[in-house]
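Undergrad: The structure follows.
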Amino acid sequence: MITSKTIARFRDLPTPFYFYDLDVLHSTCQKVLEESGKAGFKVHYAVKANPNPRILKIISSYGFGADCVSYNEIERAISCGFEHSETVFAGVGKTDRDIEAALEADILCYNCESIPEMEVINSIAKKHNKVATIALRINPYIEAHTHKYITTGVAESKFGVNTWELKEVLERLKSLQNLNLKGIHFHIGSQITKMSVFKSLCSRINDLQELISSQNIDLEIINVGGGLGIDYGNPEKAPRFEEYFSLIREFVKLRPDQKLHFEPGRSLVGQCGSLISKVLYIKSGSNTTFAIIDAGMTDLIRPALYQAVHKIENLTSNGKAVRYDVVGPVCESADSFAKYIELPETRRGDLIAIRSAGAYGEAMASRYNLRDLPGVVFSDEI
Ligand code: LLP
């Protein structure tokens, strides 16, 4: 929680910085552990959402595995306590170097997305005299009803093998001796808030299981990916884990000895982070008043890239409500966090919190304009 004591401490710190509330992170992990544990599900945290080492160490301490998309992520995850044998490697464009390094690290599974990729992994594994365990990522053609840039399971998506080529892929796999197919993998998008989307995914999985077992292939792992959304309008609200896990438990028809795997990213870390910034100037526009803050799209790109709406609070004013466009200092009109929102009357030096920024915030920060990267402050440090 951002209390008045925390705000007093914020005043002495250089802005902008990410503030991570570790109590929120712990309680979210605990909830995921309980809810997924009830059904015997295995959770691999999607490291890309927030690879900060302290965050990773906390998440790994709950016994979750890691879902990585580069060798650098695998290395970071293992160094922060994740087991190599509980690390999966996804991504539509794995490099030879990444594949080779992952093989050496002896990870649990590669999530494969095409025949050419399977052939490369097979030949690298052969060279090293190893057998790589894989899960086949399948594009299930399900509209995720989220922003188009984070929709990943429809006809125009680059991800996964197409259902119409599935038989050919399974046939090709028979001759790839250094691959061992253990499962199927899906990830249809991110920030999914309609539970009916996950229900559609479950029924598609059931149909695909029929098709695959008709080829006399037994699968041990059904991986439903990540995607559970959070309520950006309500930063104190926990994600709907109970509803999500119980829906999947109810609708996916698991065969004996099959295990369900999950890869949540945002829902684990989104609500524990806020981007804290200071107001530089209040400036009149023709139709609006701008609050120009010292955080920009380089610190949090989500509003500029996905038109994402994060709740914004002025932590240090309780004046009368006034409307502002809250914008950053970067030389692009996309560098805007919110248009025409109500804040208590705001002045230079006020502290602004951009909430629910723990996922894909710090992780996507850049040095565009040669700006400094944002700082990081944990709740137990102040
Ligand atoms: N598994 C795979 C294969 C993924 O590609 C992703 C996210 C996840 C799991 C985790 O999904 P989550 O539970 O976090 O929704 N930068 C964007 C989100 C990109 C998501 C990329 N893939 C944003 O800020 O909204």
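Read the figures in this text as sums done on the coordinates, not as results from a lab. None of these values were measured; they are calculated from a predicted model. Cβ: placed from backbone, ideal geometry, glycine included. Neighbour counts: every protein chain shown.
Undergrad: Working from the pairwise distances between different alpha carbons, so that the mean of 1/r is found and then inverted, what is the range 179-220's Kirkwood radius in Å?
TA: Kirkwood radius, the range 179-220: 11.8 Å.
Undergrad: Okay, moving on. Compute the length gained on full extension between Gln177 and Gln215: take 0.36 nm times their separation in residues and subtract their Cα-Cα distance, giving the result in nm to one decimal.
TA: 11.9 nm
Undergrad: Let me ask something else. What is the gain in length, in nm to one decimal, between Arg54 and Ile282 on full extension, counting 0.36 nm per residue of separation less the C-alpha to C-alpha distance?
TA: Full extension of this stretch gives 78.5 nm more.
Undergrad: Another question, then. Could you identify which residue out of Ala49, Ala101, Ala353 has the top mean-square fluctuation in a GNM of the chain using Cα springs shorter than 10 Å?
TA: Ala101
Undergrad: Can you give the calculated 222 nm mean residue ellipticity of the chain, where each DSSP H run of n ≥ 4 adds -39,500 (n - 2.57) and the sum is split over every residue, rounded to the nearest 500 deg cm²/dmol?
TA: Calculated mean residue ellipticity at 222 nm is -8500 deg cm²/dmol.
Undergrad: Given a Förster distance of 25 Å, report the FRET efficiency between Lys339 and Lys31 from their Cβ-Cβ distance, rounded to the nearest 0.05.
TA: Efficiency for this residue pair is about 0.15.
Undergrad: Can you tell me the FRET efficiency between Lys158 and Ser196 if r is taken as the Cβ-Cβ distance and R0 is 30 Å, rounded to the nearest 0.05?
TA: About 0.75, to the nearest 0.05.
Undergrad: How high is the relative contact order of the chain, in percent, with contacts defined as C-alpha pairs under 8 Å that are six or more residues apart?
TA: That works out to 20 percent.
Undergrad: Further, regarding this structure: Modelling each spin label as a point 7 Å along the Cα-to-Cβ direction, I'd like the Asp96/His145 distance in nm, to one decimal.
TA: The two pseudo-label positions are separated by 4.6 nm.
Undergrad: Could I ask something else about it? For the range 140-211, which GluC sites (Glu not before Pro) are both in a DSSP coil and crowded by at most 14 other Cβ atoms within 10 Å?
TA: Passing sites in the range 140-211 are Glu143, Glu156.
Undergrad: At q = 0.06 Å⁻¹, what base-10 log of I(q)/I(0) does the Debye formula yield for the chain when every alpha carbon is treated as an equal point scatterer in vacuo?
TA: So the normalised log intensities work out to -0.25.
Undergrad: With a ≥ b ≥ c taken as the square roots of the eigenvalues of the C-alpha gyration tensor of the range 169-258, please select rounded if a/c is under 1.5 and otherwise prolate if a/b is larger than b/c or oblate if it is not?
TA: Note, shape of the range 169-258 comes out prolate.
Undergrad: Next question, about the same structure. Using a basic spin-label model with each label point 7 Å from the Cα along Cα→Cβ, how many nm lie between Lys320 and His84?
TA: The answer from the label model is 6.6 nm.
Undergrad: Let me ask something else. Determine the distance separating the Cα centre of the range 96-157 from the Cα centre of the range 251-312; give it in Å without decimals.
TA: Between the Cα centres of the range 96-157 and the range 251-312 lies a distance of 27 Å.
Undergrad: Return the percentage of antiparallel bridges among DSSP beta bridges fully within the chain, rounded to the nearest 5 %.
TA: 40
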